[in-house]
Amino acid sequence: MKIRVLVAIVFAWLLSGCVGTPDASGWHSSQKSEFQNILAKDKYMSICNQQALYNKVRTSNDSRLMTKLLVAYTDNLANGCFVNAEGFNAYRQKVSASDIQMKLRAGQSIEKILKPYVPEYRQFNALIAQYHAQKRAGASAELLHKIRVNIERVKLMKPGLGKTYALVNIPEFKVRIIENDKTAVEMKVVVGKRGHETPIFSENLKYITLNPTWNVPDSIARNEIIPKTLRNPGYLKSHRLVIRKDYSLDSPAQSFNPSLARQYVGGKGPVPFKFIEIPSNRNALGRVKFIFPNHHSVYMHDTPAKSLFKRKTRAFSHGCVRLEKPKYMLEYISKHYTAHDYADVMEKYNSMKTHYLKIVKPLPVHTAYLTTYVDDNGQLLSFGDIYGYDKSHKLNF
């Protein structure tokens, strides 16, 4: 048994290409050559703020310095090269120097050590390839910087969510469903306006609501609904709004009391009565919404304001994502990601009553801020910096 184990270890050692004794820092000569080749091309664009250290490693081949650079390179790959990343809920990854040294001594290749931290999303390699292609073509420093900023943003996306997902690209005003790295669904969206920016995060789609009610957030109740109702007592009826004790149509009905409501105009904190818009074609959420639970209370939904999709710049919401073709999205997701027959889904849809459809197959939803994007044809697309993040996100070089 011991002989078999020994043979297996030796065989693995030979496969790794690390024949011979490692030096005092755990490096094999083949690992050093491999790392120098990665650095020479900056394959993963992660030298970043370590240029001075790289220059020393390149000329000296010093093992201790090389270990220090490998740890720094891995951390830059895992967690990006921004001094700050305003507006991003960065998914930081832990990079352990001792773990990296252990893998070096075990004879793992540098590519294998780096692999857990390389973003899976097609945009990472596609944007790196575009950066080099544009640089060779003599592109402006402005465009190269813009591509580079977006490479760093891809590094900050939540790791480990695969090659199938929904991607809301905020500055492009589009959502795509990507299946196996190919676009299966694409449509325009409306995103949050300045001051109500759509946040950048990732969560799994959990369910679909057909014929939703709109539970008016307290902030909107304070700043919009109550002031408008105080000016126009018929506002609630004309906008299909009812008042309840809590966010349930089955909870006790409340009447609008102007003297009580007036004290909740503006400010912060909970309002002790809730406004609910009942299901209808004119509901603010339209006829369907797609829920990926998150602490931002952001989701994708239908909208009666179809004219907004004719505009080039579509930043009008309070943060949620409005869909150009919600019925098509419903058809695609219900057929591919629920256990419901589509005829049954449409029967529920046409009932004008609220129904819920559970998602039975994983579909991560990413909201992203990519001002450059490489489409399925390999074309580099560029978009406006609607939230000013291209200016505020400083690179740590």
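The values are calculated or read from the model by the stated rules, or taken from the named source; none is laboratory data. Just so we're clear, the structure is a prediction, and the values are computed from it rather than from any experiment. Glycine also receives a Cβ, built like all others from the backbone with ideal geometry; neighbour counts cover every protein chain displayed.
In table form, for the structure just shown:
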quantity: Which numbered condition Ser248 fails, given (1) part of a loop (DSSP other than H, G, I, E, B); (2) modelled with pLDDT of 95 or more; (3) not assigned by TED's automatic domain parsing to the domain that holds Tyr356; calculated: (2)
quantity: Matching option when the condition is at pLDDT below 95 and β-branched (Val, Ile, Thr), among Thr59, Thr74, Thr67; calculated: Thr59
quantity: Single residue of region 218-249 satisfying the filter (within 18 Å of Gly286 (Cα to Cα) and of a type in the set (D, E, K, R)) that is surrounded by the fewest Cβ atoms within 10 Å (Cβ to Cβ); calculated: Lys237
quantity: Test: Ser297 is surrounded by fewer than 18 Cβ atoms within 10 Å (Cβ to Cβ), part of a loop (DSSP other than H, G, I, E, B) and either assigned by TED's automatic domain parsing to the domain that holds Glu331 or polar (S, T, N, Q) (or both); calculated: yes
quantity: Checking Glu172 against (1) touching a strand residue (DSSP E or B) at 6+ places or on another chain (Cβ under 7 Å); (2) acidic (Asp, Glu); (3) within 30 Å of Ala343 (Cβ to Cβ), the condition it does not meet; calculated: (3)
quantity: Failed criterion for Ala97 (all others in (1) without any contact (Cβ under 8 Å) to a residue 60 or more places away in the chain; (2) touching a Leu at 6+ places or on another chain (Cβ under 8 Å); (3) under 25 Å from Ser33 (Cα atoms) hold); calculated: (2)
quantity: Qualifying positions in region 182-214 - among the polar types (S, T, N, Q), crowded, with 17+ Cβ neighbours inside 10 Å and part of a strand (DSSP E or B); calculated: Ser202, Thr209
quantity: Any chance Gly160 is among the small types (Gly, Ala, Ser) and within 20 Å of Ala305 (Cα to Cα); calculated: no
quantity: Residue in region 5-25 that is in a helix (DSSP H, G or I), more than 29 Å from Lys391 (Cβ to Cβ) and modelled with pLDDT of 95 or more present; calculated: no
quantity: Odd one out for Asn211 among (1) more than 19 Å from Ser297 (Cβ to Cβ); (2) more than 32 Å from the chain's Cα centre (by Cα); calculated: (2)
quantity: Of the criteria (1) assigned to a strand (DSSP E or B); (2) free of Cβ contacts under 8 Å to residues at least 40 places away in the same chain, which one Glu142 fails; calculated: (1)
quantity: Exclusive hit being farther than 20 Å from Arg322 by Cβ and in contact (Cβ under 8 Å) with a residue 60 or more places away in the chain, set Ala184, Ala253, Ala261; calculated: Ala184
quantity: Within region 220-245, considering residues that are free of Cβ contacts under 8 Å to residues at least 24 places away in the same chain and assigned to a helix (DSSP H, G or I), the one nearest to Gly267 (Cα to Cα); calculated: Glu224
quantity: Test: residue in region 281-290 that is out of contact with any strand residue (DSSP E or B) (no Cβ under 7 Å at 6 or more places or on another chain) and of a type outside the set (Lys, Arg); calculated: yes
quantity: Selected residue [assigned to a strand (DSSP E or B), surrounded by 15 or more Cβ atoms within 10 Å (Cβ to Cβ) and at pLDDT 95 or above] from Phe290, Phe256, Phe309; calculated: Phe290
quantity: Residue in region 104-119 that is of a type in the set (Asp, Glu) and in a helix (DSSP H, G or I) present; calculated: yes
quantity: The listed residue being of a type outside the set (D, E, K, R), over 19 Å from Tyr373 (Cα atoms) and surrounded by 15 or more Cβ atoms within 10 Å (Cβ to Cβ), out of Tyr131, Tyr121, Tyr117; calculated: Tyr117
quantity: Condition met for Asn150 (under 17 Å from the mean Cα position of the chain (by Cα), of a type outside the set (Ser, Thr, Tyr), surrounded by 15 or more Cβ atoms within 10 Å (Cβ to Cβ) and farther than 30 Å from Lys335 by Cβ); calculated: yes
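Yes/no matrix, rows are residues, columns are (1) more than 30 Å from Leu144 (Cβ to Cβ); (2) modelled with pLDDT under 95; (3) not in a strand (DSSP E or B); (4) not hydrophobic (A, V, I, L, M, F, W, C):
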residue: Asp344; (1), (2), (3), (4): yes, no, yes, yes
residue: Glu347; (1), (2), (3), (4): yes, no, yes, yes
residue: Tyr356; (1), (2), (3), (4): yes, no, no, yes
residue: Tyr373; (1), (2), (3), (4): no, no, no, yes
residue: Asn377; (1), (2), (3), (4): no, no, yes, yes
residue: Leu381; (1), (2), (3), (4): no, no, no, no
